[in-house]
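Notes for the one structure printed next.
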Amino acid sequence: MSQKETKTIGKDYSLIGLIRFALPAILNEFIFNLLYTVDDGLFITRYVGTTAESAFSIIFPVFMLHNAVSSLLSGTAVSVARKMGEKKDEEAKSDFTLIVMFALGVGLLFSAIEFLFKEQILTLLGCNEAIYPYAKSFLSVNCYYAFLGIWGSVMVRFYVSAGSPKMELFSTIMNVGSNLLFDWYFVVYKGVGMVGAAYANLIANSIQALIALIFYSGKKCEVGFIRPFTKLKDVLKEGCRYGLPAFFSSLSVGVGGLIANYAILHFGDESYLAAYTIVNNISFTFMAGYFGLFSATGPMLSYAMGEKNVEKLRRLYRQTVIATTLLVIVSIGLFFLFADPIAVLFTGKAAADIKDLIVYGLRISPYGFLFFGYNIAARMSFSALGNFRSSTFITVMQEIVFSNLTIIVLPLLFGVKGIWFAFLSGNVLTLFVSILVIYVNRDNYGYGKSGLALLVEK
C-alpha cells in the first residue's frame, strides 16, 4: 500500500457514510452488552440465584479495573490513527506491536496479584457472609485468565484504526456467543454454578485473543505486527495521554460501583443489590452504543488533526452531533421497547422477589440517556483531538465528582431508592460542564462563530 494512499479512517464520508462506517462499532458495543446481560439473566440469576448476581456486582470493580488498564493502553490506538494521518505508517505499526506486547505483560501481572491476594481483595470489596462463597469461587478461576481479558481488549480497540470495524463486531459475536454456549454447558447442563460461568469466560476470552492475533498477523492489515523499532517509553507516554480520560472513566465507574455496593448493602440487602445490578446492566446495554459511535469517529478526528484538515474537522463535528442525536432517540426508543422483555429474563422463580424493584428502576433509568450521550460525545471527541485537559476534566466531573456525590447524597436524603436517580442527576450536572468546556474551546477547533481553528493541543 502506498504511503500516500488515504487510509480507511481518513476518507471523506457523508453523514450516511459515517453512520455506515460506525454502525459495526455501535452494534459491537450494543450486542456485546446485550448478550452478556441476557447471559446473566438466563444462567446466573435463574440457575444460581440472586445472591450469585449480587456477587457479580461485588466483583464488578475488579472488572472495571481491568477495563481501566486496557483503556489506558488502548489510547495508543488514537495516536496510531494520528500517525497514519501524518503518513507514518511503519511507526504506527511499531507502536501497535509494542503496546500489545506490553499489555500482555501487564495482564500477567494482574493475574498473579489476583491469584495471590484474592481473599484480601474480596474483603476490600465488601463481601458479606452470604455473598463471599459465590464471589470467591468465580474470582478463583478469573485470576487465571485476567491477562487474556486485558490483552484481548487492547487488541480489539485497534480494529477501527486498522480500518476494519466489522472485525470488532465479528470478534464480539464470537466472544459472547461462545460465552453463552459454555455458560449453558457449565452452569445449566453440568450445574457447577459460578465456577462454570468463570470457565465460560475463560474460553470466550481465549477465542477473542486468538482472532485478534490471526487478524493482525495478516500482510494486508493497515495496522499489524512488525518488528518494533520505536521506544516503549515514548509509545506509553504518548498513548497513555490519549487513554487517560477513558482510564479515569473506567476506574471511576469501578469506584462508583464499590461505593454503590456499600450504600445499597447499608440501606438495603442482597436482593436490592441484585435488582440494582440488573437494572444497571440493562441500562448500560442501551448506553453502550455511544461508546461504539465515538470509538469509530475518534480515530477519524485524530486522522484529520494529523492532516491539519480544518474543513474535514468541521464536517465531522456536524456529523457527530447529528449522529449523537439520532442515537439518543434510537437508544431511548429501544429501551422502552425491549427493556421489560429483557428484565423478564431475570425474574424467574429465583428472582421473583426483586421484580418490583427492577420495574421501579427501569422507569427512571432511560431519562439519563438524554444527557449521557452528549457528555460522552464531548469528552471522547476532545480526547481524539488531543485536548486531554478538557477531556479529562469532563470525565473527572462526570465519573468521579458528580456520580459519586449523587450516589452518596441521594440515599442519605431519600433512602435507598434515591440511588436510582444518581445516574440521571449526575449527567444533568455534567452537561453544564460539557457546554462550558465546548464554549471555551470554540476557537481552537473551528466550530465557533469566529471561524478560527488554532488546532491547539492541551
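The values are calculated or read from the model by the stated rules, or taken from the named source; none is laboratory data. Computed from a predicted model, the values in this text were never measured in an experiment. Cβ coordinates were reconstructed from backbone atoms using ideal geometry, including for glycine residues, and neighbour counts include every protein chain displayed.
What the table shows:
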quantity	calculated
Residue in the stretch 224-242 that is within 30 Å of Lys136 (Cβ to Cβ) and in contact (Cβ under 8 Å) with a residue 40 or more places away in the chain present	no
Qualifying residue in the stretch 164-185 (condition: in contact with a helix residue (DSSP H, G or I) (Cβ under 7 Å, 6 or more places away or on another chain) and over 21 Å from Asn33 (Cβ atoms))	no
Hits in the stretch 135-154 (condition: in contact with a Phe, Trp or Tyr (Cβ under 7 Å, 6 or more places away or on another chain) and in contact (Cβ under 8 Å) with a residue 60 or more places away in the chain)	Val141, Ala146, Ile150
Residue among Phe147, Phe138 that is in contact with a Ser or Thr (Cβ under 7 Å, 6 or more places away or on another chain) and part of a helix (DSSP H, G or I)	Phe147
Candidates Tyr272, Tyr290, filtered to the one that is touching a residue at least 60 places away in the same chain (Cβ under 8 Å) and surrounded by 23 or more Cβ atoms within 10 Å (Cβ to Cβ)	Tyr290
Residue ranges of helices (runs of 4 or more DSSP H) in the stretch 326-427 with at least 1 members in contact with a helix residue (DSSP H, G or I) (Cβ under 9 Å, 6 or more places away or on another chain) and under 20 Å from Asp269 (Cβ atoms)	355-364, 403-414
Failed condition for Thr76, given (1) modelled with pLDDT of 85 or more; (2) closer than 21 Å to Gly243 by Cβ; (3) touching a helix residue (DSSP H, G or I) at 6+ places or on another chain (Cβ under 7 Å); (4) surrounded by fewer than 21 Cβ atoms within 10 Å (Cβ to Cβ)	(4)
Count - residues of the stretch 382-405 that are surrounded by fewer than 24 Cβ atoms within 10 Å (Cβ to Cβ), under 19 Å from the mean Cα position of the chain (by Cα) and closer than 28 Å to Met305 by Cβ	6
In the stretch 102-131, the residues that are without any contact (Cβ under 8 Å) to a residue 40 or more places away in the chain and over 21 Å from Thr76 (Cα atoms)	Ser111, Ala112, Ile113, Phe115, Leu116, Phe117, Lys118, Glu119, Gln120, Thr123, Leu124, Glu129
Flag if Ser70 is more than 24 Å from Phe170 (Cβ to Cβ) and among the hydroxyl-bearing types (Ser, Thr, Tyr)	no
Condition broken by Val192, with the remaining ones in (1) assigned to a loop (DSSP other than H, G, I, E, B); (2) closer than 21 Å to Phe96 by Cβ satisfied	(2)
In the stretch 354-379, residue surrounded by the most Cβ atoms within 10 Å (Cβ to Cβ) [restricted to those that are in contact with a Ser or Thr (Cβ under 7 Å, 6 or more places away or on another chain), modelled with pLDDT of 85 or more and of a type in the set (A, V, I, L, M)]	Ala378
